[in-house]
Amino acid sequence: MIRKLAFSLVALALLAGLGWLGVSRWTPDREAYPTQGVDVSHIQGEIDWKAARSAGVDFAYIKASEGSDLRDDRFASNWTTTTEAGVKRGAYHFYSLCRTGREQATNFIALVPREAEALPPAIALEFDGNCEQRPSRKNLLAELATFIQMVEAHSEKPIMIQVTRAFETQYRISEALNRPLWLTSTVLAPSYGGHDWVMWQASRLRRIDGIDGPVNWNVVRPQ
């Protein structure tokens, strides 16, 4: 009886391990989505971008800043080494609901250089990890408009808006701001947003060579 129980537990552990292995290696089909990449921050630590490039990373969105005063301490290194590895890169800002758009744009602009070859800047809008404040839709849109105006003037590129389903449901961002959308949906392509998405965060559990631990995996909608 004990031997049978032990065998069952080993079998279940093996199946769970195989399931996790499949999840961590899954990506949307390359034929359908030829351009695929990651978004990263200091959480991933030091990244071997040459190994990541060989593993299929075509581009990277790198966290630059958060709120009005936080700056990612891996940004400068990631910004330089992605280029050296042949990985296209862009910068993103995690937007705080507790700070003004002007303060946050100033923080982002001070850190991110204006470069013609860089991907368009992005702003991440989500409740997870944000402050508890929930401004009115009118006030939030006004602050976002200020942020976008300042960042676009600096980068000379239209900003991309990453917005989660929960955030979009509450604030209907895509109805008011006609900008490229970067949406999040695990495995299944996202079906929310006021217009078609241009980038899809398909997994937060991808594991690849060159990056320790799980990383967010994204695909670009073919033109």
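The values are calculated or read from the model by the stated rules, or taken from the named source; none is laboratory data. Here the structure is a predicted model, which is why all the values come from computation and not from measurement. For neighbour counting, all protein chains shown are included, and Cβ atoms are generated from backbone atoms with ideal geometry for every residue, glycine included. What goes into the accessible areas is simple: the full protein's heavy atoms, side chains included, and nothing from ligands, DNA or RNA. Shrake-Rupley method; radii C 1.70, N 1.55, O 1.52, S 1.80 Å.
So here's what we get for this one:
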{"item": "Of all DSSP beta bridges in segment 130-223, antiparallel share, percent nearest 5", "result": "40 percent"}
{"item": "In Hz, Karplus ³J(HN,Hα) per residue of segment 148-164 (6.51, -1.76, 1.60; θ = phi - 60°; x = Gly, Pro)", "result": "5, 4, 5, 5, 5, 5, 6, 7, 6, 9, x, 6, 9, 9, 8, 9, 6"}
{"item": "Between 0 and 90°, nearest 10: helix 2-25 axis offset from the chain longest Cα axis", "result": "30 degrees"}
{"item": "Per-residue HN-Hα couplings for segment 87-104 [Karplus 6.51, -1.76, 1.60; θ = phi - 60°; Hz; x = Gly/Pro]", "result": "9, 5, 9, x, 10, 10, 10, 8, 7, 9, 6, 9, 10, 6, x, 5, 4, 6"}
{"item": "Of all DSSP beta bridges in the chain, antiparallel share, percent nearest 5", "result": "30 percent"}
{"item": "Long-range HN-HN contacts of Asn216 with modeled amide H, under 5 Å", "result": "Asp39"}
{"item": "Per residue, in Å², the accessible surface of the chain once ligands and nucleic acids are set aside, probe 1.4 Å", "result": "53 Å²"}
{"item": "Among [x] 1.12; [y] 0.96; [z] 1.44, the entry derived from the coordinates for Cα Rg over 2.2 N^0.38 Å", "result": "[x]"}
{"item": "Gained length - Thr80 relative to Asn139, 0.36 nm times residue gap less alpha-carbon distance", "result": "17.6 nm"}
{"item": "Accessible surface of the chain [probe 1.4 Å, protein heavy atoms]: carbon and sulfur percent", "result": "55 percent"}
{"item": "Computed lengthening from Ser54 to Asp196, 0.36 nm per intervening residue step minus Cα-Cα distance", "result": "48.1 nm"}
{"item": "Trp26-Phe127 FRET efficiency (beta carbon distance; Förster radius 25 Å; 0.05 resolution)", "result": "0.45"}
{"item": "Whole-Hz ³J(HN,Hα) from phi, Karplus 6.51 cos²θ - 1.76 cosθ + 1.60, for segment 37-42, glycine and proline x", "result": "x, 10, 10, 9, 8, 4"}
{"item": "Of Asp128, Asp58, Asp196, the one that fluctuates the most in a GNM where the chain has Cα springs shorter than 10 Å", "result": "Asp128"}
{"item": "Amide hydrogen neighbours beyond the local backbone of Gly90, cut-off 5 Å, H modeled", "result": "Ala60, Tyr61, Ile62, Leu119"}
{"item": "Backbone N within segment 135-165 under 18 Å of label point (7 Å from Ala110 Cα along the Cβ vector)", "result": "147-148, 150-152, 154-155"}
